[in-house]
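Everything below concerns the one structure shown next.
Taken together, the values in this text are just the output of simple stated rules run on the coordinates, not laboratory data. Everything numeric here is computed off the predicted structure, so don't read it as measured data. Here the Cβ is made from the backbone with ideal geometry for all residues, glycine too, and neighbour counts use every protein chain on show.
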Amino acid sequence: MKAAVLHGVNDLRLDDVPRPGTPGAHEVLVEITVCGLCGTDVHMWAGTNHEGTFPFIPGHEWSGRVVAVGSNVRHLKSGDRVTGEPFVGCGNCDVCHNGQGPAFCPNHLYYGFTPDTPGGLAEFHMSPAERLHKIPDNLSEEVAALTEPVSVAYHSVWGVGGGTAPHDRIVIFGAGPIGLFALQTCLTSGAEVIVVEPAPYRQQMAQSVGAKIILDPTSDNVEERVMDLTRGLGATKIIECSGSVEATAMTVDIVAVDGNIVLTGQSVGTKVPIEIGKTIWKHATISGYAGAHFYFPKTLAFMAKKLVDFEKVITHRFPIDDIAEAFDLCNRGTESAKVMIYPNRAMMPA
């Protein structure tokens, strides 16, 4: 079968690899319909992210149809449409016994990041049944493939973020896919949302999905403008999706009294000069977010409500034969939002 394989930094190949065989007792064989590219996939290829272990098949944002199930699988059957979480915990360590997410398990399996746990950039995929979720009938498989990144945004708003209300004053830093999904989620509550984004393409994307106020940090005094737009009160909720040092530092300057800052932009290894004392006098909270177990079902339920047209964030579609072109487009950073890959060209929308 065809599969995109990352053999090393700047070494992405479209290989012919063995198709997975018969599922084990607790496994499911899935034919992949579509797989979204994440910035993490592209950054591993570019050498700016080191999460993956070469060589491996990337892709952790996918959907597909069940082809076969193992003898002990009860909640799925052939023909079911499914999507999957990236992490599987060991179930035996102290982290798992304490009920914490599999992302934090020291012995976790990380699908789409290692040779033994391949991702969805292939025609077929073998998976433990425990990480698979049925797709609601009213969601397309393409939209369902967005579940993982939407869950990051949804949990940032409604999990660690504590939810939104019409009276909230929200600032979102970064209008990449996660920022756009967070924006769409916040707007369902009627809250006032300010987006901070320097790239013209992403500014236009934010506007297209409903942003009314967009600040450009290269030309606007963001702190001054936010305080003016919030009548001197600051933001009750800030969702930092850019990973920018400047944006992260600014969060404590513009947060309101009793406000909430959620850090979800990838910035591991970055040191940020920040006036942390302001959080004391503002009673502000800072929450980090890097994946939440049990949030896929909640996210799929939210998506099935059709309160948001998530398809608007999809800007490009490629057959897997053009995977190199797709990675190159994503690596340029500000010329696309969500890019979708189809292992079978015949399944691509007309």
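If we count every other residue with Cβ under 15 angstrom of F173's Cβ, Lys/Arg +1 and Asp/Glu -1, where does the sum land?
Net charge around F173: -3.
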Quiz item: By what distance, in whole Å, do the Cα atoms of region 51-116 stretch along each of the three principal axes, largest value first?
Solution: 36, 29, 18
Quiz prompt | Cut-off under 5 Å, modelled amide H: who pairs with V67 long-range | solution = L29, V30, E31, G79
Quiz item: With N residues in region 151-288, what two-decimal value do you get for its Cα radius of gyration over 2.2 N^0.38 Å?
Solution: 0.93
Quiz item: What is the Cα radius of gyration of region 208-257 over 2.2 N^0.38 Å, N being its residue count?
Solution: 1.13
Quiz item: Taking the Cα atoms only, what angle lies between the long axis of helix 147-158 and the longest principal axis of the chain, rounded to 10 degrees?
Solution: 30 degrees
Quiz prompt | ³J(HN,Hα), Karplus 6.51/-1.76/1.60, whole Hz, each residue of region 80-86, x for Gly, Pro | solution = 5, 8, 9, 9, x, 7, x
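Given the Cα atoms of region 149-221, and with Rh set as the inverse mean 1/r over their pairs in the Kirkwood sense, what is Rg to Rh to two decimals?
For region 149-221, the value is 0.95.
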Quiz item: How large is ³J(HN,Hα), in whole Hz, for each residue of region 193-201 in order, when computed from phi with the Karplus curve 6.51 cos²θ - 1.76 cosθ + 1.60 and θ = phi - 60°, using x for Gly and Pro?
Solution: 10, 10, 10, 10, 7, x, 7, x, 4
Quiz prompt | Distant-in-sequence amide H partners of S287 (H built 1.01 Å from N, under 5 Å) | solution = I261, V262, L263
Quiz item: For the chain, what is the percent of antiparallel DSSP beta bridges, rounded to the nearest 5?
Solution: 55 percent
Quiz item: Taking the highest mean first, how do the peptides 254-263, 301-310, 93-102 order by number of other beta carbon atoms within 10 angstrom per residue?
Solution: 254-263, 301-310, 93-102
Practice problem: Place the peptides 223-230, 320-327 in order of packing, highest mean first, counting for every residue the other Cβ atoms within 10 Å and averaging per peptide. | Solution: 320-327, 223-230
Quiz item: Taking K212 as the anchor, which lysines have their alpha carbon closer than 28 Å to its alpha carbon, excluding any fewer than eight residues away along the same chain?
Solution: K237, K282, K298, K305, K306, K312, K338
Quiz prompt | Cα centroid separation, region 229-280 to region 83-140 (Å) | solution = 31 Å
Practice problem: Classify region 3-160 as rounded, prolate or oblate from the Cα gyration tensor: take a ≥ b ≥ c as the square roots of its eigenvalues, call it rounded if a/c is under 1.5, otherwise prolate when a/b beats b/c and oblate if not. | Solution: rounded
Exercise. Work out the P(r) tail for the chain: percent of alpha carbon pairs separated by more than 29 Å, whole number.
Key: 39 percent
Practice problem: In whole Hz, with x marking every Gly and Pro, tabulate ³J(HN,Hα) for region 165-182 from phi via Karplus 6.51 cos²θ - 1.76 cosθ + 1.60, θ = phi - 60°. | Solution: 9, x, 7, 5, 10, 10, 10, 10, 8, x, 10, x, x, 5, x, 5, 5, 5
Quiz item: By count of other Cβ within 10 Å, fewest leading, how are C186, C38, C105 ordered?
Solution: C105, C38, C186
Practice problem: For A3, enumerate residues with amide H under 5 Å from its amide H, sequence gap 5+ or separate chain, H modeled in the peptide plane. | Solution: D15, V17
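So how do 6-16, 109-119, 202-212 stack up, highest first, on mean other-Cβ count within 10 Å?
Order by mean packing, descending: 109-119, 202-212, 6-16.
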Quiz item: About its Cα centre, what dipole magnitude does the chain give when the only charges are +1 on Lys and Arg Cβ and -1 on Asp and Glu Cβ, stated in debye to the nearest 20?
Solution: 780 debye
